[in-house]
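Peer 1: Pasting in a structure now, in structure tokens, and then I'll have a few things to ask.
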Amino acid sequence: MLRVRCMRGGSRGAEAAHLIGAMVARAATGWVQKAFQGTSAAVAEEDNMSKSVDPVPDECPVNSFNEWDTLEEVIVGRAENACVPPFTVEVKANTYEKHWPFYQKYGGQLFPEEHLKKAVREIEEMCNILRLEGVKVRRPEPIDWLTHYKTPDFDSTGLYSAMPRDILLVVGNEIIEAPMAWRSRFFEYRAYRPLIKEYFNQGAKWTTAPKPTMADDLYDQEYPMRTVEDRHQLAAQGKFVTTEFEPCFDAADFMRAGRDIFAQRSQVTNYMGIEWMRRHLGPEYRIHLLSFKDPNPMHIDATFNIIGPGLVLSNPDRPCHQIEMFKKAGWTIVQPPTPLIPDDHPLWMSSKWLSMNVLMLDEKRVLVESSEISTQKMFERLGIKTIKANIRHANSLGGGFHCWTCDIRRRGTLESYFN
């Protein structure tokens, strides 16, 4: 209640009191009206939002906690319009000297036309095989990767949308877009946005990690490497082409096993990126940092590929420095056989060890290269049925079956497999 004290002045004091009281009453009425109008507007806005966004269904189409539960839906990349990246310092650090003339000559142009056509056909056949195995296949949008773009910090052309494993990490019902480190991949997310928006409207969580500026400070511009020995020495010293200027990571540097996720510091994933992932996922998940005797660490899945609960393929040429903790946990460590890919087959962006970059369809089925006979026999000894496909020309673009895919839905729940 407002109390007005009338000062001496007779009727003028009373008139003043009445005037102040009327003003307060009008102000209070205005406040109530505005509050009511604001509430009404908020309710109307909420109604409009509910009409413009699809209702969340009872079951989310995105669900994947590991690399081996029964696969039900997957994104498969595209080879169409794949473009050779400009020969920048981060590309140089991730490729071998024998391929540098190729990048210097063709950077910013399409990969060889006939090779791309064969890769496209191989991936289409791979999609057909997955469908026959009962898996729903989704594809990113075709993009013109030759388009030149410029930011305040750099300019570049694009790369491709061939490897969804590099840019997307699915943890439970959440899709995480990775802040990748190559400048040629800055706009790669555009090919996947229609799919991700669809999943979001159907109930999935959608997180985009902090987008790096990719300014010069993110890279060691004087990063010294030429021979394999140079690379081994630099990796052993913990020196990489990417700095800790800002978080960056490729999703393919993370390997999921339920509540435990294994990551490596690589040429494209820095400690800030790994720490961002740790804080983002919170205490429900444990992030373990692994390292390997690898002269060119980039993506963990052709070095350390978990194929079942307590079962992992470990590259014999790149031994894991922390392998004892897996043995103590009772895991079975399997060393895959030497790859059979011919020496003269072009592998512009990867090594022969794509032979172990397999995709598990469930614990007892695996998608494997049709010409890798020794790898097939290894799986058969493990009691795992091999589903064969040929993607040799697609391998040349930098990935095997695991790289070329991102599992969206696997039939399983969150469990712990590592104690």
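Peer 1: Determine the calculated [θ] at 222 nm for the chain from helices alone, applying -39500 (n - 2.57) to every DSSP H run no shorter than 4 residues and normalising by the residue count; nearest 500 deg cm²/dmol.
Peer 2: -9000 deg cm²/dmol
Peer 1: Could you name the lysines in cross-link range of Lys98, using Cα to Cα under 18 Å and dropping any fewer than eight places away on the same chain?
Peer 2: Lys352
Peer 1: In µm²/s, what is D for the range 344-401 at 10 °C and 1.306 mPa s, where D = kT/(6 pi eta Rh) by Stokes-Einstein and Rh is the Kirkwood radius from Cα pairs?
Peer 2: Once the numbers are plugged in, D ends up at 137 µm²/s.
Peer 1: Per the Cauchy relation, a quarter of the hull surface: what is the mean projected area of the convex hull of the alpha carbons in the range 57-156, in nm²?
Peer 2: For the range 57-156, the mean projected area of the Cα convex hull comes to 10.1 nm².
Peer 1: Expressed as a rounded percentage, what relative contact order does the range 72-205 have, with Cα pairs under 8 Å and six or more residues apart?
Peer 2: On the way: 191 pairs, mean separation 41.6, N = 134.
That works out to 31 percent.
Peer 1: Report, ordered by chain and residue number, the aspartates and glutamates lying within cross-link reach of Lys150, taken as a straight Cα distance under 12 Å and ignoring same-chain residues fewer than 8 apart.
Peer 2: By straight Cα distance, Lys150 reaches no aspartates and glutamates at all.
Peer 1: Which residues in the range 379-419 place their backbone N less than 18 Å from a point set 7 Å from the Cα of Gln109 along the Cα-to-Cβ direction?
Peer 2: 397
Peer 1: Okay, moving on. Cα-based Rg of the range 122-224 per 2.2 N^0.38 Å, rounded to two decimals?
Peer 2: Expressed relative to 2.2 N^0.38 Å, the Cα Rg reads 1.25.
Peer 1: Regarding the range 206-282, what's the average projected area of the Cα-atom convex hull, expressed in nm²? Walk me through the numbers on the way to the answer.
Peer 2: Numbers: hull surface 24.3 nm².
Hull-based average projected area comes out at 6.1 nm².
Peer 1: Here's something else I'd like to know. Taking R0 as 35 Å, what FRET efficiency do you get between Glu380 and Thr413 from their Cβ-Cβ distance, rounded to the nearest 0.05?
Peer 2: So, using R0 = 35 Å, E works out to roughly 0.75.
Peer 1: Take the Cβ-Cβ distance between Lys136 and Lys197 as r, set R0 to 25 Å, and report the resulting FRET efficiency rounded to the nearest 0.05.
Peer 2: Computed FRET efficiency for Lys136 and Lys197 comes out at 0.90.
Peer 1: Whole percent per 10 Å bin, from 0 to the bin with the longest distance: what is P(r) over all C-alpha pairs of the chain?
Peer 2: Percent of Cα pairs in each bin: 4, 20, 29, 22, 8, 4, 4, 4, 3, 2, 0, 0.
Peer 1: Now for a separate question. Mind pulling the angle between the C-alpha long axis of helix 113-132 and the longest principal axis of the chain? Nearest 10 degrees, somewhere in 0 to 90.
Peer 2: 80
Peer 1: Write down Rg/Rh for the range 301-391, rounded to two decimals, with Rg from the C-alpha atoms and Rh from the Kirkwood relation over Cα pairs.
Peer 2: Values: Rg = 13.2 Å, Rh = 13.7 Å.
We get a ratio of 0.96 for the range 301-391.
Peer 1: How many times 2.2 N^0.38 Å is the alpha carbon radius of gyration of the range 156-313?
Peer 2: Numbers: Rg = 15.8 Å, N = 158, 2.2 N^0.38 = 15.1 Å.
Rg over 2.2 N^0.38 Å, computed on Cα atoms: 1.05.
Peer 1: In square nanometres and to one decimal, what's the mean projected area of the convex hull around the Cα atoms of the range 190-234?
Peer 2: If I average the Cα hull's projected area over directions, I get 5.7 nm².
Peer 1: Another question, then. How many percent of DSSP beta bridges within the range 357-419 run antiparallel, rounded to 5?
Peer 2: Counting only bridges with both partners in the range 357-419, antiparallel ones make up about 40 percent.
Peer 1: Run down the lysines and flag those whose C-alpha is under 29 Å from the C-alpha of Lys328, throwing out any fewer than 8 positions away in its chain.
Peer 2: In chain and number order, the partners are Lys293, Lys364, Lys377, Lys385.
Peer 1: Any chance you could run the full-extension gain for Tyr149 through Ile373? It's 0.36 nm times the residue separation minus the Cα-Cα distance, nm to one decimal.
Peer 2: Taking Tyr149 through Ile373 to full extension adds about 76.3 nm, to one decimal.
Peer 1: Now, a different point. What is the distance in Å between the Cα centroid of the range 132-189 and that of the range 241-309?
Peer 2: Here the answer is 18 Å between Cα centres.
Peer 1: Take every Cα-Cα distance within the range 274-332, group them into 5 Å bins from 0 onward, and report for each bin the whole-number percent of pairs it holds.
Peer 2: 4, 16, 23, 23, 21, 11, 1
Peer 1: When the Kirkwood radius is taken over all Cα pairs of the range 251-293, what Stokes-Einstein diffusion coefficient follows at 4 °C and 1.567 mPa s, in µm²/s?
Peer 2: Taking Rh from Cα pairs, D becomes 124 µm²/s.
Peer 1: Restricting to bridges with both residues inside the range 303-419, how much of the DSSP beta-bridge set is antiparallel, in percent to the nearest 5?
Peer 2: If we restrict to bridges inside the range 303-419, about 45 percent are antiparallel.
Peer 1: Would you report the distance distribution of C-alpha pairs in the range 261-419 as whole percents per 10 angstrom bin, up to the bin with the largest distance?
Peer 2: All Cα pairs considered, the percentages come to 10, 37, 39, 13, 1.
Read the figures in this text as sums done on the coordinates, not as results from a lab. Just so you know, these numbers come straight off a predicted model, no measurement behind them. Cβ atoms come from the backbone with ideal geometry, glycine included; neighbour counts cover every protein chain shown.
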